1. Just one of Arg134, Arg25 is open to solvent by 10 Å² or more (accessible area, probe 1.4 Å), within 15 Å of the ligand (Cβ to nearest atom) and either out of contact with any Ser or Thr (no Cβ under 8 Å at 6 or more places or on another chain) or free of Cβ contacts under 8 Å to residues at least 24 places away in the same chain (or both); which is it?
2. For Asp191, only one of the following conditions fails: (1) surrounded by 22 or more Cβ atoms within 10 Å (Cβ to Cβ); (2) within 21 Å of the chain's Cα centre (by Cα). What is its number?
3. Restricting attention to the range 266-325, report how many residues are out of contact with any strand residue (DSSP E or B) (no Cβ under 9 Å at 6 or more places or on another chain), of a type in the set (Gly, Ala, Ser), crowded, with 16+ Cβ neighbours inside 10 Å and within 30 Å of Leu107 (Cβ to Cβ).
4. Under 8 Å between Cβ atoms, at least 6 apart or on separate chains: pull out the pairs that start in the range 232-251 with a residue that is among the acidic types (Asp, Glu) and end on any residue that is open to solvent by less than 20 Å² (accessible area, probe 1.4 Å) and within 12 Å of the ligand (Cβ to nearest atom).
5. Kindly indicate the residue of the range 118-131 that is in a helix (DSSP H, G or I) and within 16 Å of the ligand (Cβ to nearest atom) and also surrounded by the most Cβ atoms within 10 Å (Cβ to Cβ) among those meeting that condition.
6. Looking at (1) more than 30 Å from Ile165 (Cα to Cα); (2) open to solvent by less than 50 Å² (accessible area, probe 1.4 Å), which is the one condition that is false for Gln92?
7. Anything in the range 28-48 that is open to solvent by 20 Å² or more (accessible area, probe 1.4 Å), in a loop (DSSP other than H, G, I, E, B) and not charged (D, E, K, R)? List them, or say none.
Amino acid sequence: MTAVGGLDERLAAELARLEKAGLRRRLRPSAPLPGARIRIEGREYINFASNDYLGLAMDPALRERWMKELAGWGGGAGASRLLGGSLEPLHQLEETLARFKQTEAALVFSSGFAAAIGTIPAIVGPGDVVVLDRLAHASLVDGARLSRAKLRVFRHNDPEDLERILRWAQEQHPDGRVLVVTESVFSMDGDGAPLAELVALKQRYGAWLLVDEAHATGLYGPRQAGRVAEAGLSGQVELQMATLGKALGSAGGAICGSKTLVEFLVNRARSLIYSTGPTPAQTVAALVALRWLETEEGAARVRRLWANVDGMRDRLATLGWPLPAHRSPIIPLVVGQTYRAIEMAAHLAERGLWLPAVRPPTVPRGTARLRLSVSAAHSERDLDLLADALARLGPPPAA
Ligand SMILES: *Cc1c(COP(=O)(O)O)cnc(C)c1O
């Protein structure tokens, strides 16, 4: 058992420490099923933890369509996008995405994480400043760190605090460029960034803005393009980031913006240049989903999601749970203590409801929670079952 150099001993001690704090994580083999169901280690649950908000990943009709389009394509791209791995459907996907997001161009990476850590260090560097919302996703934080620009964090969704930092940057780094980074819908809280205020500020201070629409793409606005498009700000946000692995039910990440931006990233984003291109399967699945979203059937599915979101919010309000003011399929049931969140998740699992605890460091200390996500694939009865199980767990913790 003793590894050379004692690496395993050191890692085992760290794992034991995590275990004691209730913070050790494990992977469980799973099989998502249609109708917001999931099989985990042989047991079937109603899934309340998926980002597949529209139920597209497992939709039988869509699956049939993309499997047909996939015929003739192989398992992998075979090379980096620059060396022959830039598959034709990927270019169709990018054109469709640009139209969808109302930008000149779009660039697809193999994941949202790759998009973030490739893009931020490509456009800013030492001498520049990156200002992130405190709750920005790990991929954005890592991208900012990799850039070696100066890092500053503003209070969550607080334009006044952002302005304080922009003023500081103007005084201390007059020659550097400033990039402001936020999410349009936050992944763990479901609340929305004040986009119009952020845009006004970044204009006033001559900064650039990156908005990560991972949890808004496919859901908001008249064409489901996201919250930036909904607010009519597409022309004013330099970088719109999207993930294809959430509401679109596939995988991949995209940066949408000007043609020049995209051409520059092709030359400078290391996660694109030095990585095998996105697979045919993920590309075709995203393309089929995006086209379908523009149909009347797609619009109806989105309406169904919002009806479910409202239905779940009503049920939770009746039980006394505090709800975020912003309407989103992500509804955090914050319980505070890690052990309590784990206990609640275990009780729900016993009743066939999959809603695992989200713990630090994914969320700030003392805000352990059940991150409930509502899907268009849930039935009224699914929502009733969850509300019923939550009621049995007793009143929500005092706010
Ligand atoms: C999921 C997520 C990402 C990463 O996207 P992947 O495609 O899953 O790598 C980036 N930003 C936010 C806010 C996310 O929720």
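1. Numbers: Arg25 fails: within 15 Å of the ligand (Cβ to nearest atom).
When all the criteria are applied, what remains is Arg134.
2. (1)
3. 4
4. Within 8 Å, the pairs are Glu238/Leu210.
5. Thr119
6. All conditions pass for Gln92, except number (2).
7. Scanning the range 28-48 gives Pro29, Pro34, Gly35, Gly42.
For (1) among the hydrophobic types (A, V, I, L, M, F, W, C); (2) buried (at least 18 other Cβ atoms within 10 Å of the Cβ); (3) within 14 Å of Asp212 (Cα to Cα); (4) touching a Ser or Thr at 6+ places or on another chain (Cβ under 8 Å), each residue gets a yes or a no:
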| site | (1), (2), (3), (4) |
| --- | --- |
| Ala105 | yes, yes, no, yes |
| His156 | no, no, no, no |
| Leu162 | yes, yes, no, no |
| Val180 | yes, yes, yes, no |
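The values are calculated or read from the model by the stated rules, or taken from the named source; none is laboratory data. Predicted model, so just to flag it, every value in this text is computed and none were measured. Every residue, glycine among them, receives a Cβ derived from its backbone with ideal geometry; neighbour counts consider all protein chains shown. All accessible areas refer to the heavy atoms of the entire protein, side chains included, with ligands and DNA or RNA removed. Shrake-Rupley method; radii C 1.70, N 1.55, O 1.52, S 1.80 Å.
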